[in-house]
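Notes to accompany the following structure.
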Amino acid sequence: MDASDAPSASALRAAHERFVTASPAIRAASGVRRLVAESWQRCAARGIRPDGGSPLLTRGAEELAACRRGHPLAAVLPLFRELLGAGAAEDGHVFAVGDTDGTLLWVEGDTAAMGRAERMHFVEGAVWSEARAGTNAPGTVLEVGQPVQIVAGEHFSSAVHGWSCAAAPVRDPGSGRVLGVVDLTGGGSIATPPALAAVRAAALAAEAELARTRPATALLGPDGRAVLPSDGCDTAVRLTALGRDSALLERAGRVHRLSPRHSEIAVVLALAGRGVTGERIAADLSEREVPASTLRAELTRLRAVLGPALLGSRPYRLLGPVRTDFGDVTALLAEGRAREALARYRGPLLPRSEAPVVVEQRRALEQQLRGAVLGSGDPGLLRRWVDADWGADDVSAWRTLARRLPDASPQRAAAAARAHALDADLAVPPQVVRHAALLQRSGS
């Protein structure tokens, strides 16, 4: 998400002033990129002070040293220094490497720039998550999971308006889990496509190096650090299946990437809780009869992947407490926390699965979430819904968004136009559309 389409400095200052001085009831981030507008809305909802007065959390020296020693990105720090450090020092910038909490583990570069950065507390040990420091490249990367460039006045905190930054996430090559973030911070030249390209390239190089050098037995714990195989005392199971066809199942630091069929079985077992018979699993997986021998073979293969300490039988069940990402979203919705639920929703449950139980759960969750978003009337939530693949053609959501946006907002007219276009599409019978397509192909 580069800043090539960012407004001018004066326009950004004006947009920031309008946003931070507006009444919360009518506050809308207009005149800025969508990425920035959504971040400002999150910052305002979290109570971040736009004058830079929000207190930053800083790790103590001993805690920081422990974080550095155990962090997997320590292994690729020399690579970051080679790719970014020398250039940052020569160009008057700093580069930083942070963990998944937004803690800056290493900050290096030009001496003068580091002195200026220190005055705004951009130092080793400081936590620059979006929830602590407002809109900033490393913090916002951790929110959206993509490379981000933030220019001057796009920062939520006015104390950072003299800086620009570009950052990219670094992921574990095995599990896809975000390990941390690499960042370049400095003056105007950071607000250019080459700066964003540089951090992207550094992140990719780091991932390739980790894939090459990490021992095959190395596993990742919940905090992203390498851990040794467990002795089996930790029984917590975590299943991640939203927005992905191959679910991830984690327990005791081990991360298992499941096949599509095994992902469906894991969802069945997670929903069943205390256990389920083979006949029930077969009915949940397919409307057609699944031979008992086929199901037993699949469960045997799954047990070979997970191990007998994780998959029990008679009845079939996941051993230990089970927590799922789709269950988390459901729980947040039950508590009326639509904003947090939408933030946790990474997409439909096993989107390509046709297993009856998965289809039912997928539809129910999407309907509950959609109802909460539309019922909230929050323009920020509505915008995030219609911008996603699953909400792009939701005419009711577009119509609600148009009603909720301020009269003067240019986005209101655009939302109303989109709703009108979708209405027009729905008014045309499918057979008419097919007939027109046939005529077009035949040249009539």
Selection status of R344, in contact with a helix residue (DSSP H, G or I) (Cβ under 6 Å, 6 or more places away or on another chain), surrounded by 14 or more Cβ atoms within 10 Å (Cβ to Cβ) and of a type in the set (K, R): yes
All positions within region 392-411 that are modelled with pLDDT of 85 or more and part of a helix (DSSP H, G or I): V395, S396, A397, W398, R399, T400, L401, A402, R403, R404
Selected residue (criterion: nearest to the chain's Cα centre (by Cα)) from residues of region 372-388 that are outside any helix (DSSP H, G or I) and surrounded by fewer than 19 Cβ atoms within 10 Å (Cβ to Cβ): A388
Residue tally, condition modelled with pLDDT of 70 or more, surrounded by 13 or more Cβ atoms within 10 Å (Cβ to Cβ) and small (G, A, S), over region 6-28: 5
Hey, D223 at pLDDT below 80, under 25 Å from F80 (Cα atoms) and in a loop (DSSP other than H, G, I, E, B) or not: yes
Qualifying residue in region 84-94 (condition: β-branched (V, I, T) and modelled with pLDDT of 90 or more): yes
Any hit, region 136-156, residues being among the aromatic types (F, W, Y) and closer than 23 Å to L64 by Cα: no
Residues of region 389-414 classified as surrounded by 15 or more Cβ atoms within 10 Å (Cβ to Cβ) and either of a type outside the set (A, V, I, L, M, F, W, C) or closer than 25 Å to L365 by Cβ (or both), total: 13
Scan of region 186-206 for residues that are of a type in the set (V, I, T) and touching a Ser or Thr at 6+ places or on another chain (Cβ under 6 Å), ordered by number: I190
Among (1) surrounded by fewer than 21 Cβ atoms within 10 Å (Cβ to Cβ); (2) assigned to a loop (DSSP other than H, G, I, E, B); (3) in contact with a strand residue (DSSP E or B) (Cβ under 7 Å, 6 or more places away or on another chain), the one test that E108 misses: (2)
Test: residue in region 290-297 that is under 20 Å from P260 (Cβ atoms), touching a helix residue (DSSP H, G or I) at 6+ places or on another chain (Cβ under 9 Å) and surrounded by 15 or more Cβ atoms within 10 Å (Cβ to Cβ): yes
L369 vs. criteria at pLDDT 90 or above and either crowded, with 21+ Cβ neighbours inside 10 Å or in contact with a His (Cβ under 6 Å, 6 or more places away or on another chain) (or both): yes
Residue list for region 387-419, filter: closer than 26 Å to R352 by Cα and hydroxyl-bearing (S, T, Y): S396
Residue satisfying all of: in region 226-243; modelled with pLDDT of 65 or more and touching a Ser or Thr at 6+ places or on another chain (Cβ under 8 Å); nearest to L302 (Cα to Cα) among these: L239
Restricting region 415-435 to residues that are of a type in the set (G, A, S) and surrounded by fewer than 11 Cβ atoms within 10 Å (Cβ to Cβ), the residue that is modelled with the lowest pLDDT: A427
Wholly enclosed strands (runs of 3 or more DSSP E) of region 119-203 bearing at least 1 residues closer than 22 Å to L77 by Cα and in contact with a Phe, Trp or Tyr (Cβ under 8 Å, 6 or more places away or on another chain): 178-186
Long-range neighbours under 6 Å by Cβ, at least six apart or interchain, first residue assigned by TED's automatic domain parsing to the domain that holds R81 within region 174-191, second assigned to a strand (DSSP E or B) and of a type in the set (D, E): G180/D99
Checklist (1) without any contact (Cβ under 8 Å) to a residue 60 or more places away in the chain; (2) surrounded by fewer than 18 Cβ atoms within 10 Å (Cβ to Cβ); (3) not hydroxyl-bearing (S, T, Y) applied to R238, failing item: (1)
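Let's see how each residue does on (1) touching a residue at least 60 places away in the same chain (Cβ under 8 Å); (2) of a type outside the set (D, E):
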position	(1), (2)
R352	yes, yes
L369	no, yes
L374	no, yes
G377	no, yes
R384	yes, yes
A397	no, yes
A402	no, yes
D407	no, no
Only listed residue being modelled with pLDDT under 90, surrounded by fewer than 24 Cβ atoms within 10 Å (Cβ to Cβ) and either at negative phi or not acidic (D, E) (or both), chosen from G153, G186, G145: G145
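The values are calculated or read from the model by the stated rules, or taken from the named source; none is laboratory data. Please read all numbers here as calculations on a predicted model, not as lab measurements. All Cβ positions, glycine included, derive from the backbone under ideal geometry; neighbour counts span all protein chains shown.
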